[in-house]
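Here's the structure, in structure tokens; my notes come after.
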Amino acid sequence: MTRFAFCLFATLLYGTSLSTLAAEFTQPRPGLHTGGQPALDDLARLHAQGVRTVIDLRGSQEERGYDEAAEARRLGMEYVAMPITGKDDLTPENAKALHALLKQREGEVLLHCASGNRVGALLALGAAQVDGASTEEALALGRVAGLKSLEPAVVERLAPPKQTGNTTAD
């Protein structure tokens, strides 16, 4: 009976770990799929659903578990690397560059990083800085796309510049 329990436990554990490997994706805008690192099966499934371009925000040093660029190309998708390695890369220039990349693409796009956090952050910045969305609208888009722990950095970048008051009397 102990061997049976161990085998059952190992099977359940193995099955659970396999199912958690598949990433979940959202569609914050029509034709835009966002989320974390896709598994091999995710790329094939997304390609079958019409995704034609993969934009990867992960840095080259981040482990993917397979050659994502080669697999995307094998499936007939365009692969674009745009490394955003942390909050220091959340710049107006990068938000504008991503915005331009998304506008230039034909067909559906998968935009991902490791968890969706950087994706949501850059989309929020772009929504505010390029599209003119309010801070609340931009953050809402970012959250739907995966923004989590980088939200304070996004809020800081979207805040109006602090004015230094001149308290000297005339």
Among the listed residues VAL109, VAL119, identify the single one that is buried (at least 17 other Cβ atoms within 10 Å of the Cβ), closer than 19 Å to GLU62 by Cα, aliphatic (A, V, I, L, M) and in contact with a Gly (Cβ under 8 Å, 6 or more places away or on another chain).
VAL119
Checked THR20, THR34, THR16, THR11 against criteria (modelled with pLDDT of 95 or more and either of a type in the set (Val, Ile, Thr) or in contact with a Lys or Arg (Cβ under 8 Å, 6 or more places away or on another chain) (or both)); the one match is THR34
Would you be able to say whether some residue in the stretch 128-144 is closer than 25 Å to HIS47 by Cβ and open to solvent by less than 20 Å² (accessible area, probe 1.4 Å)?
no
Got at least one residue in the stretch 68-77 being more than 13 Å from the chain's Cα centre (by Cα), more than 24 Å from VAL130 (Cα to Cα), crowded, with 19+ Cβ neighbours inside 10 Å and acidic (Asp, Glu)?
yes
Considering the stretch 127-140 alone, what residues qualify as being within 14 Å of PRO28 (Cα to Cα) and either at pLDDT below 95 or out of contact with any Leu (no Cβ under 6 Å at 6 or more places or on another chain) (or both)?
GLU137, ALA138, LEU139, ALA140
Return the pair list, or none, for Cβ contacts closer than 7 Å from residues in the stretch 107-124 that are farther than 18 Å from GLN49 by Cβ and of a type in the set (Ser, Thr, Tyr) to residues that are modelled with pLDDT of 95 or more and surrounded by fewer than 24 Cβ atoms within 10 Å (Cβ to Cβ), at least 6 apart or on different chains.
SER115/GLY36
For the stretch 40-57, how many residues meet the condition of being crowded, with 16+ Cβ neighbours inside 10 Å, closer than 24 Å to ARG143 by Cβ and free of Cβ contacts under 8 Å to residues at least 60 places away in the same chain?
6
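The values are calculated or read from the model by the stated rules, or taken from the named source; none is laboratory data. Computed from a prediction, not measured in an experiment: that's the story for all the values here. Neighbour counts run over all protein chains shown; Cβ positions are idealised from the backbone, glycine included. Calculation scope for accessible area: heavy atoms of the full protein, side chains included, ligands and nucleic acids excluded. Shrake-Rupley method; radii C 1.70, N 1.55, O 1.52, S 1.80 Å.
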